[in-house]
Amino acid sequence: MIRLDGRVAMVTGASRGIGAATARLLARAGCDVAVHYRKSHDEAAEVAAEVEQAGRRVWLLHADLGDLAAARELAVEVESRAGRLDILVHNAGTWTHGPLESMSQATWSETLRLNLDSVFVLTQAVLPLLRRSPHASIVVVTSTAAQRGEAEHAHYAASKGALISFVKSLAVELAPRIRVNSVAPGWVDTDMAQSALGDAASRRAIEAAIPRGRVASPEDIAGPIVFLASDLAAHVTGEILNVNGGSVLCG
């Protein structure tokens with residue numbers, strides 16, 4: 001039902017997890033995809049191969065978005081290789097343990113640079129491309145931590161909370177041409193969450209707190225992302241779509 005034929009999307013952090021699932025689903029909907037990765041070249045190449053198998057064009061793009069100059073250069077590379085951009089999915093990020101009393105300034109700064117500053121820089125850099133699209137859409141992956149806080153992860157929650165404010169601000173500022181929305185996942189079964197989900201007892205406790213009774217798969221998050229990027233959500237902007245199995249009910 002969702003068709004994105006002829007459109008070009010860029011997904012950051014697309015080598016695995018939510019980003020990889022999103023790239024695959026965008027391709028199945030008819031979208032050409034720029035697959036960004038930072039470290040996992042082989043995994044990103046596998047995702048790119050799946051996009052090609054779906055009959056779509058694909059561009060494999062490497063950049064460390066913690067390097068803000070590299071984030072700007074990524075926009076240049078997208079324009080030179082794809083020639084256009086219709087959909088931008090901000091998925092790349094980091095989640096590390098950080099009790100406040102022992103958290104270093106470097107840890108705090110690195111989290112905000114990767115999760116927040118890079119989103120600002122990359123969005124600003126690709127705006128000229130998005131403004132040329134009649135279907136421009138930005139989707140930012142945030143988190144339930146942005147809405148309820150997260151003990152011993154204040155740096156992560158703060159970065160994602162700032163992204164929610166960023167989304168709402170840009171939804172007004174970039175209207176009517178560019179829609180800006182967020183998907184806010186709860187627990188998702190990805191490599192990043194394995195420090196908590198890899199322990200059986202911890203996982204059972206987490207699942208017991210989720211009304212749907214399970215941790216989300218990456219595909220559970222990719223579907224809402226693609227929906228928000230599509231014309232089915234043509235009159236939706238500034239929205240924070242919670243995808244958490246009912247664990248955080250915040251409107």
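Rule-based calculations on the coordinates, nothing more; no lab input. Since the model is a prediction, treat every value here as computed from it, not as a measurement. Here the Cβ is made from the backbone with ideal geometry for all residues, glycine too, and neighbour counts use every protein chain on show.
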Bins of 10 Å, beginning at zero and ending with the bin holding the largest distance: percent of Cα pairs per bin for the range 206-251, please. 25, 46, 25, 4
Convex hull over the alpha-carbon atoms of the range 82-162: what's its volume per residue in Å³? 89
With N denoting the number of residues in the range 162-227, provide Rg(C-alpha) divided by 2.2 N^0.38 Å, to two decimal places. 1.45
According to the Kirkwood expression over distinct Cα-Cα pairs, how big is the hydrodynamic radius of the range 1-93, in Å? 12.7
Computed over the range 125-251, Kirkwood Rh from alpha-carbon pairs, angstrom: 15.6
Could you work out, for the range 108-155, what percent of all Cα-Cα pairs fall into each 5 Å distance bin, beginning at 0 Å and stopping at the bin that holds the largest distance? 4, 16, 21, 21, 14, 11, 8, 4, 1
Work out which helices of the chain, taken as complete DSSP H runs, extend at least 24 Å along their axis over the Cα atoms and score a mean Kyte-Doolittle of -1.0 or more, then list them. 154-173
For the range 43-76 and the range 78-103, distance of Cα centres in Å: 12
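Can you sort TYR37, TYR156 so the residue with the fewest Cβ neighbours within 10 Å comes first?
TYR156, TYR37
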Any chance you could tell me what percent of the C-alpha pair distances in the range 4-54 go past 16 Å? 25
Over the range 42-95, volume per residue of the alpha carbon convex hull, in Å³: 102
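Between SER195 and LYS39, what length in nm is gained on full extension when 0.36 nm per residue of separation is reduced by their alpha carbon distance? Please list the in-between numbers first.
Values: separation 156, 0.36 × 156 = 56.16 nm, distance 1.91 nm.
The span from SER195 to LYS39 would gain 54.2 nm if fully extended.
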Placing one equal point scatterer on each C-alpha of the range 1-159 and summing with Debye, one gets log10 I(q)/I(0) at q = 0.09, 0.17 Å⁻¹ equal to -0.30, -0.96
Residues whose placed amide H lies under 5 Å from that of VAL180, excluding near-sequence neighbours: ILE138, GLY238
Where Rh is the Kirkwood radius over the Cα pairs of the range 69-121, the temperature 25 °C and the viscosity 0.890 mPa s, what D in µm²/s does Stokes-Einstein return? 188
